[in-house]
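The next block holds one structure in the form of structure tokens; read it before the comments.
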Amino acid sequence: MLSAPDRRRALSQLLVALARETDEDGNDVGVDFSGLEVGHLGHIYEGLLSLRLSVADRDFDYDERSDRYVPDDEDGEIDVESGDLFWLTNEGGRKGGGVYYTRTELVRHLVRGSVRPAFEQHVEKVRALAEKDPKAAAEKLFDFYVLDPACGSAHFLVEVTEEIADQIAQLLGEVSLPVVRDQIEELRAAAGTTVSVEIDDAALVKRLVRALRLWS
């Protein structure tokens, strides 16, 4: 069992290692994470949920047909050497958990083909109401709900939120709705326009991650 100072030292070394790499010329350079999108982070997060870090007690080969690590057959090719750390599913395989990554391009296509048209119709109703009752229009603007019944790391919902935010910004540039600022603050407190559902052993952690991503 490592002492607290040793754990902190190990963690700091790990973080430094994640932020540095060696280029083609052998120079130690920093890693640029600026290109990471929320979808990439969700893919990494969901992939880790189905894995556990294990220590190999013998040499292993990876069998593609069964998607399992099996004891080395002494053919000269070893995928995991005895004593090495490697990621393993509870079933002994390399992948598992029913976790699949949806590319950002496909998520955007789904959002623009489903949520965007529905919200555009909603915005037109708000626009018409604003001519008669701006306060009621401001309240109706956020009376729009999106449900993802198997949201995983909320990649779809994050894209939905960005799409809706763009349309709202465009509307507010054309229609004066002074009550909207108060409505936005209330929604930030209640997180009421997007609803996510996920059944998983790590559901509590997932809800926290989704809340941080949707409202940060």
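Read-outs: derived from the displayed coordinates by stated rules, not from any lab. Being a predicted model, the structure only gives us computed values, none of them experimental. Cβ atoms come from the backbone with ideal geometry, glycine included; neighbour counts cover every protein chain shown.
Per-residue Karplus couplings for the stretch 156-167, computed as 6.51 cos²θ - 1.76 cosθ + 1.60 with θ equal to phi - 60°, are listed in order as 5, 5, 5, 5, 4, 4, 5, 5, 5, 4, 4, 5 Hz, Gly and Pro entered as x. Ranking of 78, 168 by neighbouring Cβ atoms within 10 Å, starting from the fewest: 78, 168.
Packing around the peptides 4-13, 62-71, taken as the average count of other Cβ atoms within 10 Å per residue, puts them in this order, highest first: 62-71, 4-13.
Annotation: amide H-H contacts under 5 Å for residue 148 (H modelled 1.01 Å from N, sequence separation of 5 or more, or interchain): 195, 197.
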